[in-house]
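J.: Quick one: the structure is below, questions incoming.
The values are calculated or read from the model by the stated rules, or taken from the named source; none is laboratory data. The shown structure was predicted, so the numbers you read here are calculated from the model rather than taken from an experiment. Glycine also receives a Cβ, built like all others from the backbone with ideal geometry; neighbour counts cover every protein chain displayed. Heads up: the accessible areas ignore ligands, DNA and RNA and are worked out on the full protein's heavy atoms, side chains in. Shrake-Rupley method; radii C 1.70, N 1.55, O 1.52, S 1.80 Å.
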Amino acid sequence: MATASFRVWRGDAQGGAFADYTAEISEGMVVLDAIHRIQAEHANDLAVRWNCKAGKCGSCSAEVNGMPRLMCMTRMSELPLDKPITVEPMRAFPLIRDLVTDVSWNFRAKMKIKEFKPRKPDAPDGTWRMAQEDVDRVQEFRKCIECFLCQDVCHVIRNHQLQEDYIGPRLFVHTVALEMHPLDTENRIADLKKSQGLGYCNITKCCTKVCPESITITDNAIIPLKERVVDEFYDPLRMLARLVWPDSKPPG
Amino acid sequence: MAEYQTYSHDVLVIGAGGAGLRAAIEAAAGGGKVGLVCKSLLGKAHTVMAEGGIAAAMGNVDDRDNWKVHFADTMRGGQYVNNWQMAELHAKEAPDCVRELEAWGALFDRTKDGRILQRNFGGHRYPRLVHVGDRTGLEMIRTLQDHGIHQGIDVFMEHSILTLLKDDGRVVGAFGYDSERGRFHLFKAKAVILATGGIGRAFKITSNSWEYTGDGQALAYDAGAELIDMEFVQFHPTGMIWPPSVQGILVTEAVRGDGGVLLNSEGRRFMLDDIPENYRAQTADNEEEGWRYTQGDRNARRPPELLTRDHVARCIMREVRDGRGSPHGGVFLDISWIKRKIPNSEQVIIKKLPSMYHQFKQLADIDITKEPMEVGPTTHYMMGGIRVDAESQESTVPGLFAVGECGAGLHGANRLGGNSLSDLLVFGKRAGAYAARFAKEHQFGRIDDNALETASRTALEPFATNGAAQVESPYQIQQELQEMMQDQVGIVRMHADMERALEGIARLSDRARRVRVTGNRQYNSGWHTALTLRSMFIVSEAITRSALERRESRGAHFREDFPGPDPSHAKFNLAVGKDSGGGMQVRQAPIPEMRSDLRQVIEEMK
């Protein structure tokens, strides 16, 4: 059986360093299996967050050889074994311990987004009618497993630490899913511009690249939202209308 | 005494999967203060893995469906040892619970006229499962989560509960720790709802994650509550088996619902050879009819691959045992064959089963549109659990409620696919409402400092540096328990094996006293594993003792030494409780006679 060497980040908020381990590699193994093996055999207290081990829950996010990945979906066979594999925590978030980071900001930021508000039911029995195409249109965004890899890689968060004024790619995806929901009647465009920092995104598409669910975040979520902001705030006729009727909801 | 922080809530919910979230939302709706504690981050619980759908007799696809058919299907699937009152409430209330979810933003696939689409599933007579592709669980938990965060609920993520606290016979709180720093927390509450899910981690091959160690069942048992039906562990027939690292990961039943067939190494569709008597009238006995059923032909009977999970799992075991298995010890599940029936089969498969396509492609290098999958049984779901009152979900201990997988009764000896998500909604709502009502009628209780002292001291024992001569690793003990339960109390059970398992559990729990962990209390996975061993011993013992006691085969419980059902055993559930000496006792709890109108429903649907 082949063995692989690993450099795994060990430490907490005070600091840390890479520690070297080796693990036996069997067929079909993923990075999370190797981390578990290291944990069981060499480092019982190694901190790692995981759940489903099938790419569905988005818990085991980390940076493998410098790339933000889900450890459970990263096959050992796709990594070069001739040099050590580095496994580090997501660097954009405060470290709790080893591979586990404090991602609670994402949950707090989500609460700032106005919740779903449906239109009146279509049928007398209180139910709605929708076309399958309208349901299909938002599926891409509803696939999101909240692994926060897109947040991890976004330079507005990672390098500029603008968390207070910015919600990040994951939550733009969440917003677009609500905005394009066939039943939703809420308007979240002003918030995106004023307090959620949509303008900070300069569409470098790093988020799209790392999404394990292959959501085309930049093109399909962020750019359409930017277009809506432009329509609503920079359309000359609407700007004029706002001057005359400052409190009115924009038409259309 | 170790330091701890104190919180007070009218209702404390432990567990934040579908059941816990739904219960918390309902409890908060009454205006009370609600706390929600979960071992993982919010939205990561196993509900997220549910692929098939939510069973609800809405009749949108086949108007012959109604609550009576759903009720009869659930009882037949459970081999009539279900709590029939729960089965009735469940069948009647599930459709409204689905509509409620839609009002909170869930998006389901649609019929041509724009209503909610429903799909076929094992054991359900008509297309009944509300779904969105094969990621219904994600849709459900995210909807509940995104709605729930705006209801003023206090969420405690990555907190685990060590013990429930009692005062004068009723539950008045819980004591636990957080993963992040290992600090202790006291949660005072007027009512507590357990929604901790299953026990899959007691077995080696399982679709369950590390969380499912039977915490809720063990907490309730320790608090004096009764458990029932613990012998009924569902082994889902189709888990991944290759490569080894993915062993146990679920392959949704929807693959079979959409036309997938099971084949042995000889290429034979072996399920056609073994259709049980009580399902013969409604099961297709030829390939053509089975295919027509999956394509929505209302006059066709369902293919034998969609027989109940217990039966399909045993048929797969038999094929493997008799040397007709696949190369890695399972059988083949083939959906790619439908290319012989429809022109654009590849697109159809990817559209209908996107996450299965993705899962096999990425984890096993298998393209399911072109080649068969290899599958075998995997420990999936616990039918048994905390005994509850059907209407209120209150356990046998006042102030303690239980819901979802950690509760018991609805599913009897075998759960139908799709009946879990509906269970979470229907009884989550009920538990939340009744716990809130209980909280209104009661005050906070007195907290016993001794109980906190004992709990914190016990929890810190694995860090002790003295005493243990031979130090044990928590992972090693856990692994040995899993292997033993898999081999000796698994899909096929024998008296002698299970006697040995009982001895094994005693030996392991003795060794567990010497478990020691390294490092500190900060996010220490070794320590967390050590702290779950006790729950795993309790549920393993309860499963084994109950399985020994049920000297027949029924539903998911199969005894090689008693291979058939015994009608006299249909009259009771097995209830597990703590006796006065602290030992575990099993008693027969008679099943109350079914109301005559419900009996008539079952007769009509036969």
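J.: Against the definition (modelled with pLDDT of 90 or more, polar (S, T, N, Q) and touching a helix residue (DSSP H, G or I) at 6+ places or on another chain (Cβ under 7 Å)), how does B:N264 come out, yes or no?
T.: Criteria met by B:N264.
J.: In addition: Restricting attention to the stretch B:147-187, which residues are in a loop (DSSP other than H, G, I, E, B) and either within 14 Å of chain A (Cβ to nearest Cβ) or closer than 13 Å to B:G15 by Cβ (or both)?
T.: B:I149, B:H150, B:Q151, B:G152, B:I153, B:E158, B:S179, B:E180, B:R181, B:G182, B:R183, listed by residue number.
J.: I'm checking my understanding of the structure. Among residues of the stretch B:554-574 that are under 18 Å from the mean Cα position of the chain (by Cα) and not in a strand (DSSP E or B), which one is nearest to B:A542 (Cα to Cα)?
T.: B:A556
J.: Turning to a different aspect of this structure: From the list B:H528, B:H557, pick out the single residue that is under 30 Å from B:I316 (Cβ atoms) and modelled with pLDDT of 95 or more.
T.: Testing whether each residue is under 30 Å from B:I316 (Cβ atoms) and modelled with pLDDT of 95 or more leaves just B:H557.
J.: Could you list, in sequence order, all residues of the stretch A:70-89 that are under 15 Å from A:E146 (Cα atoms) and touching a Leu at 6+ places or on another chain (Cβ under 7 Å)?
T.: A:M71, A:C72, listed by residue number.
J.: Okay, moving on. Just to be sure I understand the filter: pairs with C-beta atoms under 8 Å, separated by 6 or more residues or on different chains, first member in the stretch B:112-123 and within 14 Å of chain A (Cβ to nearest Cβ) and modelled with pLDDT under 95, second member crowded, with 23+ Cβ neighbours inside 10 Å and in a strand (DSSP E or B). Which pairs pass?
T.: B:R119/B:L129
J.: Further question on the same structure: So which residues in the stretch B:26-48 are in contact (Cβ under 8 Å) with a residue 24 or more places away in the chain, within 13 Å of chain A (Cβ to nearest Cβ) and either assigned to a loop (DSSP other than H, G, I, E, B) or surrounded by fewer than 24 Cβ atoms within 10 Å (Cβ to Cβ) (or both), if there are any at all?
T.: B:K39, B:S40, B:L41, B:L42, B:G43, B:A45
J.: Just the residues that are of a type in the set (A, V, I, L, M, F, W, C), open to solvent by 20 Å² or more (accessible area, probe 1.4 Å) and touching a residue at least 24 places away in the same chain (Cβ under 8 Å), please, taken from the stretch B:492-516.
T.: Correct list: B:V492, B:M494, B:L502, B:A512.
J.: Quick check: anything in the stretch A:68-75 crowded, with 19+ Cβ neighbours inside 10 Å, more than 22 Å from B:W527 (Cα to Cα) and facing chain B (nearest Cβ under 7 Å)?
T.: yes
J.: Go through (1) open to solvent by 10 Å² or more (accessible area, probe 1.4 Å); (2) facing another protein chain (nearest Cβ under 9 Å); (3) more than 24 Å from A:D191 (Cα to Cα); (4) out of contact with any Cys (no Cβ under 9 Å at 6 or more places or on another chain) for A:V100 and report which single condition fails.
T.: (1)
J.: While we're looking at this one, here's another question. Quick one: which residue in B:D96, B:D62 is farther than 21 Å from B:N278 by Cβ and away from chain A (no Cβ under 14 Å)?
T.: Of B:D96, B:D62, the one residue that is farther than 21 Å from B:N278 by Cβ and away from chain A (no Cβ under 14 Å) is B:D62.
J.: Working only within the stretch A:49-72, note down all residues that are under 17 Å from the mean Cα position of the chain (by Cα), of a type in the set (K, R) and under 21 Å from B:P354 (Cβ atoms).
T.: Answer for the stretch A:49-72, where residues must be under 17 Å from the mean Cα position of the chain (by Cα), of a type in the set (K, R) and under 21 Å from B:P354 (Cβ atoms): A:K56, A:R69.
J.: Something else now. Determine if the stretch B:267-287 includes at least one residue that is within 30 Å of B:S395 (Cβ to Cβ) and of a type in the set (A, V, I, L, M, F, W, C).
T.: There is no residue in the stretch B:267-287 that is within 30 Å of B:S395 (Cβ to Cβ) and of a type in the set (A, V, I, L, M, F, W, C).
J.: Pairs please, first residue from the stretch A:137-158 and away from chain B (no Cβ under 14 Å), second anywhere and aromatic (F, W, Y) and open to solvent by 10 Å² or more (accessible area, probe 1.4 Å), Cβ atoms under 6 Å, 6+ apart in sequence or on different chains.
T.: Final answer for the pair search is A:V156/A:Y200.
J.: Which residue pairs have Cβ atoms closer than 6 Å, lie 6 or more positions apart in sequence or on different chains, and pair a first residue in the stretch A:3-25 that is farther than 18 Å from A:M90 by Cβ and open to solvent by 40 Å² or more (accessible area, probe 1.4 Å) with a second residue that is of a type in the set (D, E) and assigned to a strand (DSSP E or B)?
T.: Every condition considered, the pairs that remain are A:T3/A:E24.
J.: Do we have A:D45 as within 14 Å of chain B (Cβ to nearest Cβ), free of Cβ contacts under 8 Å to residues at least 60 places away in the same chain and farther than 24 Å from B:G248 by Cβ here?
T.: So A:D45 fits the description; yes.
J.: Please state which of the following conditions B:A56 fails to meet, knowing it meets all the rest: (1) modelled with pLDDT of 95 or more; (2) open to solvent by 20 Å² or more (accessible area, probe 1.4 Å).
T.: Condition (2) is where B:A56 drops out.
J.: Considering only the stretch B:76-120, how many residues are open to solvent by 10 Å² or more (accessible area, probe 1.4 Å) and assigned to a loop (DSSP other than H, G, I, E, B)?
T.: Going through the stretch B:76-120 one residue at a time, the tally reaches 11.
J.: Ok, one more. Could you check A:K226 against (1) part of a helix (DSSP H, G or I); (2) within 14 Å of chain B (Cβ to nearest Cβ); (3) farther than 30 Å from A:G126 by Cα and say which number it fails?
T.: Unmet for A:K226, out of (1) part of a helix (DSSP H, G or I); (2) within 14 Å of chain B (Cβ to nearest Cβ); (3) farther than 30 Å from A:G126 by Cα: (2).
J.: Here is a further query. Here is a check on your reading of the model: is A:N51 in a helix (DSSP H, G or I), open to solvent by less than 10 Å² (accessible area, probe 1.4 Å) and either in contact (Cβ under 8 Å) with a residue 60 or more places away in the chain or within 13 Å of another protein chain (Cβ to nearest Cβ) (or both)?
T.: No.
J.: Identify the single condition in (1) at the interface with chain A (Cβ under 10 Å from one of its Cβ atoms); (2) open to solvent by 10 Å² or more (accessible area, probe 1.4 Å); (3) more than 27 Å from B:G290 (Cα to Cα) that B:E139 does not satisfy, given that it satisfies every other one.
T.: Here B:E139 meets the rest and fails (2).
J.: May I ask you to verify whether B:H411 is closer than 30 Å to B:E552 by Cα and within 20 Å of the chain's Cα centre (by Cα)?
T.: Here the answer is yes, as B:H411 does meet what is asked.
J.: In the stretch B:394-406, what residues are under 24 Å from B:R201 (Cβ atoms) and either open to solvent by less than 10 Å² (accessible area, probe 1.4 Å) or more than 19 Å from the chain's Cα centre (by Cα) (or both)?
T.: B:L400, B:F401, B:A402, B:V403, B:G404, B:C406, listed by residue number.
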